[in-house]
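Everything below concerns the one structure shown next.
Values in this text are rule-based calculations from the coordinates and carry no lab data. A quick note: this is a predicted structure, and the numbers were derived from the prediction, not measured. Methodologically, a virtual Cβ is constructed for each residue, glycine included, from the backbone with ideal geometry; neighbour enumeration extends over all protein chains shown.
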Amino acid sequence: MSDQLIKICGLTTGDTIDASVDAGATHVGLVHFEKSPRHLSIAEAAKLRSRVPDHVQVVLLTVNLQPKPTSEALQEIQPDVLQLHGAENPEWLALIRQNSNLEVWKAVGVKDRGALERAAKYRDSAHRLLYDAAAGALPGGNGLALDWRLLLNHRHVLPWGLAGGLGPHNVADAIRYTGAPLVDASSGLESEPGKKDPAKIAAFCKAAREARAKAA
Ligand SMILES: O=C(O)c1ccccc1NCC(=O)[C@H](O)[C@H](O)COP(=O)(O)O
């Protein structure tokens, strides 16, 4: 049994939610950010959420969303995790934690070691840091990889995950090289922006699990 955490992000349909669950994903990500090709309205996200079995965690992803719409989204969608992918500060995360039982993750764009050091400011407010490539056309979901060498010998202050440009072709190398306890992929599992491919989802989960088993 593998303890590799695997998040499939930016799911938009019931069949790809099912494909992710069947493939052994531990987390499924729903994006609520209008500029994204993977954007879901609150009603759409709530409908997809209802199909996810209890053993898989639902991650709702927002970007600089204000408090009122955030609490509306949380109430309707009832995610397990809120992933903040914008410029949200530690005080904002702390406020969410005060007002909910949610797990809160902070995504951090990493272009140099300084970005990793600065992320330590979330040590008392986030449950997990998700290291992603620095923002491109979108704050995330750009298919861009960060330089994995930056993570070598980094002293992590929190549980963490690796995102950015991952897919079936490189996730095993990413786990071997960085030891990432959680891997997250979106555009590398698509046939076109916003359309996940069930075969790529299955191949990604299999490669991640096998790499973890070999590393153990
Ligand atoms: O996926 C999006 O469209 C998105 C939009 C705005 C902010 C974040 C977004 N995705 C966040 C994720 O968690 C992605 O899985 C992560 O950035 C990796 O994406 P990719 O490089 O495409 O695998």
Step through the residues of segment 200-216 one at a time and calculate ³J(HN,Hα) from phi using the Karplus curve (6.51 cos²θ - 1.76 cosθ + 1.60, θ = phi - 60°), rounding each to whole Hz and writing x for Gly and Pro. 5, 4, 4, 5, 5, 5, 5, 4, 5, 5, 5, 5, 5, 4, 5, 6, 5
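Could you list Phe33, Phe204 so that the one with the fewest beta carbons within 10 Å of its beta carbon is first and the one with the most is last?
In order of increasing Cβ crowding within 10 Å: Phe33, Phe204.
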Long-range HN-HN contacts of Gln57 with modeled amide H, under 5 Å: His27, Val28
In order through segment 44-52: 3J(HN,Hα) via Karplus (6.51 cos²θ - 1.76 cosθ + 1.60), integer Hz, x for Gly, Pro: 5, 5, 5, 5, 5, 4, 5, 8, 8
Taking the Cα atoms of the chain alone, what are Rg (to one decimal) and Dmax (as a whole number) in Å? 15.8, 45
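Before rounding to the nearest 500, sum -39500 (n - 2.57) across all DSSP H runs of length at least 4 in the chain and divide by the residue total; then give [θ] at 222 nm in deg cm²/dmol. Mind showing how you got there, number by number?
Numbers: 7 runs with 70 residues, N = 216.
Using -39500 (n - 2.57) per qualifying helix, the result is -9500 deg cm²/dmol.
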Going from the fewest other Cβ atoms within 10 Å to the most, one would list His55, His127 as His55, His127
Here segment 71-87 yields Karplus 3J(HN,Hα) values (6.51, -1.76, 1.60; θ = phi - 60°; whole Hz; Gly and Pro given as x) of 5, 5, 5, 5, 5, 6, 8, 6, x, 8, 9, 10, 9, 9, 10, x, 9
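How high is the relative contact order of the chain? Use alpha-carbon pairs under 8 Å, at least six apart in sequence, and give a whole percent. Could you put the intermediate results ahead of the total?
On the way: 431 pairs, mean separation 44.5, N = 216.
So the answer I get is 21 percent.
Can you work out the FRET efficiency for the pair Asn64 and Ala215, with r the C-beta to C-beta distance and R0 = 35 Å, to the nearest 0.05? All intermediate terms of the calculation are to be shown ahead of the outcome.
Numbers: r = 36 Å, r/R0 = 1.03.
With R0 = 35 Å, the Cβ-Cβ based efficiency is 0.45.
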Can you list residues from other chains, or at least 5 along the same chain, whose modelled amide H is less than 5 Å from the amide H of Val183? Leu5, Ile6, Lys7, Leu162
Once amide H atoms are built 1.01 Å from N in the peptide plane, which residues 5 or more positions from Leu130, or in another chain, come under 5 Å H to H? Lys106, Ala107, Val108, Gly161
